[in-house]
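Below is one structure, written out as C-alpha cells; comments come after it.
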Amino acid sequence: MFNVHCICCGTLLEMEEVDNPLVISPVYDGLIFRATGNYGSSVHDPMPSCEEEILQVVICDRCIKTGSNRVSKLYDIKREDTARIKRFKP
C-alpha cells in the first residue's frame with residue numbers, strides 16, 4: 001500500500017501497489033481517472049508518437065459526491081465484436 005492525494009481536496013487515500021503501472025490498482029474511498037490526452041487541451045495533448053503518455057489522477061469519493069451535479073455517467077454501453085460470414089468462392 002502507498003498513499004495518494006485527491007486532486008481536488010488533497011485528502012490522503014490508500015492505493016494498492018502493483019508492479020506494472022499500466023494496471024489500474026484499487027484506490028480505497030476514491031476513483032482513478034486516466035487521460036491519454038485531448039485535442040485542444042493546453043495541458044495534455046500529446047501528438048501521435050512512438051511513446052504514449054497517460055495522465056492519472058485520483059479523486060476521493062467525498063469530492064465525487066459533492067460535485068455530483070457536474071459528473072456525467074455513461075451507461076447501457078454495448079460492447080460486441082461481431083462479423084458476418086459467407087461461403088468463400090474462389
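Placing +1 on the Cβ of every Lys and Arg and -1 on the Cβ of every Asp and Glu, with no other charges, gives the chain a dipole of roughly 900 debye about its Cα centre. Among S42, S25, the order by Cβ neighbours within 10 angstrom, fewest to most, reads S42, S25.
Quick one: order L12, L55, L74 by neighbouring beta-carbon count within 10 Å, fewest to most.
Values: L12 9, L55 14, L74 5.
Lowest count first: L74, L12, L55.
Neighbour counting of Cβ atoms within 10 Å sorts the residues V71, V27, fewest neighbours leading, into V71, V27.
What's the FRET efficiency of L12 with Y39 using the Cβ-Cβ distance as r and R₀ = 35 Å, to the nearest 0.05? My answer for the efficiency is 0.55.
All of the numbers you see were taken from the coordinates with simple rules; none came from a lab. From a predicted model like this one, the values you see are computed outputs, not experimental measurements. Every residue, glycine as well, gets a Cβ built from its backbone with ideal geometry; the counts of neighbours run over all protein chains shown.
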